[in-house]
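K.L.:
My questions all concern the structure below.
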Amino acid sequence: EAVNEMEEELRCAQCSGFYHVPVLLACRHAMCLACARELQKPAIVPPRNEEEGVAPPAEDHETSEVDKLSVLSDADSGVSCSSRPTSLVGAPEVGGNNEPLPPPPIYTIACPQCGAATPTDEAGAQGLTRYRVLAAVVDKHLERYQVAEPCQLCEGSGAPRPAQVFCDQCLVFYCGPCRDSCHPDRGPLAAHWLVNVAEGRALLRARRREREGRCGHHPQEHVSMYCLTCRLPVCVLCLHHGRHHAHDVHALNAVTKTHKTELSQALQQLSEKARAATEFIHTLKTLSDEVHGNCREVEGVIVAQVDALVEALQARRTDLINWVRRQRDTKVHALREQVQDYTHTLQSTTATIHFCIEALKESDPASFMEAQEVLEERVCTMTRDWEQTMVPEPRIPPVFNLTLDDKTLLTAIQQLTFIQLKPPGTPSMIPLECSAENNSVTIAWAPHPTSCVTGYTLEIDDGSNGPFREVYTGEETVCTIDGLHFNSIYRARVRAFNNTGNSSFCEPLCLQTAEVAWFTLESNHLDHTISENGFTISCDSYEHRVALGSVGFSRGIHYWEFNIEKYDGNADIAFGLSRIDICKEMILGKCGGSWSMYIDNERSWLMHSGEHFNRSAGGVRTGDTVGLLLNLPEKTLGFYVNGDLQGYLSLTGVNGVLYPAVSLNRSVILTVRTGLKPPKHYLGVPPEVEA
């Protein structure tokens, strides 16, 4: 099957036969040399003014041929020539007024595939570049599948007879009658060596390889280098004594290997696209059955509703069913057309892939390098066209989003029609786009692919496997929910709705919030100076100013620390918790919505609602650390100085969200450290709770 698909690449567009001595045109299409001779026509060249060009200076024959070869290299790289090319294909543009103009073309050859004209000089079709890789692939194909070689001497309007023998001296394939008449086994011809067709092909191939592997300028040398400047294979003498000595030259095998690798990678990508297209075409074919099934479903609904209406609806019922069936036919027809279009593109792509794979098997590096640019260009062009045309979506949806409006009044029977919309399908979560950070979660979902959706309803539970509650309703498909509990697993589910109804909820997605809290310090007061990272704070006022953490707590056990970066012994510092709406221009703990421990360089005490209690000896100095342990399950807040317990506050009866807080004034600098796990020995200390 793959070979049959590749045969399209191996047949000449002019004669429809397998390529025989293929040559390359300027448009990068190939054709047989004999066909090119048939299509060769004299060129029509407009007359030139004398001022348009300057006669080229005289030069020796070798330099002229080398320059002509260089002219061809940019356009025809990757395809080798059996002799020095004389074609004008790819001639460079004139760079300046003093440079000679290229000679006018003598002949033109029109491409049978695209119609583009290829100009040539006096050599005509004979001077076109030989497409050696294509010739090698054709030879392999003919030998592998035993395709008959036509006789080269059969004349007449009919097809030539299959050849039976090959003459090694005449280099001609003969059928039986032509051998008897043109090559009798007598006289001087009796000494000729006749072999069968397969051996003849092998002899021709060996001679061609021997000739093609040698340098065009130094026939005694084999090509072993590749000039990247001229894009030509060259020999050692060309490198040291020819015009290539100052060019960028690399080993032929290394350059060939590099370009084969690049072409293989491009083919791999194209193969993946072809494989995906094959699967998609199969899906398209199965969609026809789905269209029929959906059509039958809609018909049943229509019949059930119309039968319940008055007799006047009977005629209308027939019209509605016929309309649906016409839509079915339209959808099926569109899907069939898409299958045909994609199948044709896939076959063409597969043929190119198999052809390029066969080309990759070319053992002659020079032959492959001369064709690699053509192959790479075809693969790149086909890949680009593929991305533009092969869209993996049906051109017409297979579903019928139709519902009969059975509430229409009898007087509106003549206007009875369908209302679009059915209740939407269930949306699906996108786990890769969902995330949890600190005590917030981001949830993303996708709509049902064939549903008409007005909006979505998102629900989550309480983080303890409790009942769901609605947190979002709207058109967006991404939602971020803040203010959740730390170290909790939340279940989230979503459903879609439109004017017809609601879909079912999707399967719940579980997201776990952070085990420990990360937060920064925040304050809008002008007297506070907070670092860019939000961890270090200072105050320029002698009055007390309160700053809060960016995250609040309502559940769990949390621990954070303050490092005292600067302290002169006269500043007032209070560490603790507060509600978000407290007065922030008084010491922390003075109002009823805050709880704190005041500490200076000699002593500390606990504060709440303006009351002072549990006074303790021992203060802080620069370099000390104050830790706070909030245990909401036990309703306690503990204070630690350099790892030693300084005091506990009871939070019995306190509910809601509490924020880390600190109040300070001039001559103190603090740095908060968050995201810490509480030391285990802290949790093991029996709480000495004061009222």
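The values are calculated or read from the model by the stated rules, or taken from the named source; none is laboratory data. Since this is a predicted model, take the numbers as computed values, not measurements. No Cβ is skipped: glycine too gets one built from the backbone with ideal geometry, and neighbour counts run over all protein chains shown. Heads up: the accessible areas ignore ligands, DNA and RNA and are worked out on the full protein's heavy atoms, side chains in. Shrake-Rupley method; radii C 1.70, N 1.55, O 1.52, S 1.80 Å.
K.L.:
Would you mind finding the one in Gly610, Gly618, Gly592 that is within 27 Å of Asn524 (Cα to Cα), loosely packed, with under 15 Cβ neighbours inside 10 Å and over 60 Å from the mean Cα position of the chain (by Cα)?
P.N.:
None of the other options fit; the residue is Gly610.
K.L.:
Select from the stretch 548-585 the residues that are open to solvent by less than 60 Å² (accessible area, probe 1.4 Å) and either assigned to a loop (DSSP other than H, G, I, E, B) or acidic (Asp, Glu) (or both) and list them in ascending order.
P.N.:
Result: Ser550, Val551, Gly552, Ser554, Gly556, Glu561, Gly569, Ala571, Asp572, Ile582.
K.L.:
While we're here: In the stretch 515-536, is there at least one residue being small (Gly, Ala, Ser), under 36 Å from the mean Cα position of the chain (by Cα) and surrounded by 15 or more Cβ atoms within 10 Å (Cβ to Cβ)?
P.N.:
Looking through the stretch 515-536, none of the residues is small (Gly, Ala, Ser), under 36 Å from the mean Cα position of the chain (by Cα) and surrounded by 15 or more Cβ atoms within 10 Å (Cβ to Cβ).
K.L.:
Sticking with this one: Within the stretch 34-42, can one find any residue that is exposed (fewer than 15 other Cβ atoms within 10 Å of the Cβ), at pLDDT 65 or above and not in a helix (DSSP H, G or I)?
P.N.:
There is at least one residue in the stretch 34-42 that is exposed (fewer than 15 other Cβ atoms within 10 Å of the Cβ), at pLDDT 65 or above and not in a helix (DSSP H, G or I).
K.L.:
For residues in the stretch 562-619 being touching a residue at least 24 places away in the same chain (Cβ under 8 Å) and among the hydroxyl-bearing types (Ser, Thr, Tyr), which is nearest to Gly638 (Cα to Cα)?
P.N.:
Applying the filter and picking the extreme gives Ser596.
K.L.:
I'm trying to understand the selection: among the residues of the stretch 655-670, which are β-branched (Val, Ile, Thr), surrounded by fewer than 22 Cβ atoms within 10 Å (Cβ to Cβ) and either free of Cβ contacts under 8 Å to residues at least 12 places away in the same chain or under 24 Å from Ser554 (Cα atoms) (or both)?
P.N.:
Val657 - this is the single residue of the stretch 655-670 that is β-branched (Val, Ile, Thr), surrounded by fewer than 22 Cβ atoms within 10 Å (Cβ to Cβ) and either free of Cβ contacts under 8 Å to residues at least 12 places away in the same chain or under 24 Å from Ser554 (Cα atoms) (or both).
K.L.:
Within the bounds of the stretch 74-91, is there any residue that is assigned to a loop (DSSP other than H, G, I, E, B), modelled with pLDDT of 70 or more and among the charged types (D, E, K, R)?
P.N.:
no
K.L.:
If you scan the stretch 316-362, which residues turn out to be crowded, with 16+ Cβ neighbours inside 10 Å, under 25 Å from Pro392 (Cα atoms) and more than 31 Å from the chain's Cα centre (by Cα)?
P.N.:
Residues satisfying the conditions are Gln327, Arg328.
K.L.:
Hey, another quick one. Across the stretch 190-201, which residue is modelled with the lowest pLDDT among those that are exposed (fewer than 15 other Cβ atoms within 10 Å of the Cβ) and not in a strand (DSSP E or B)?
P.N.:
Among those residues, the one meeting the criterion is Ala198.
K.L.:
Here's a follow-up. Can you tell me how many residues within the stretch 491-504 are under 21 Å from Cys434 (Cα atoms) and surrounded by 16 or more Cβ atoms within 10 Å (Cβ to Cβ)?
P.N.:
Total satisfying the criteria: 6.
K.L.:
Something else now. Six or more apart or on different chains, Cβ under 6 Å: which pairs go from a residue in the stretch 386-406 that's in contact (Cβ under 8 Å) with a residue 40 or more places away in the chain and at negative phi to one that's open to solvent by less than 70 Å² (accessible area, probe 1.4 Å) and of a type in the set (Lys, Arg)? Could you list them?
P.N.:
Going by the 6 Å Cβ cut-off, the qualifying pairs are Trp386/Lys273; Ile396/Lys331.
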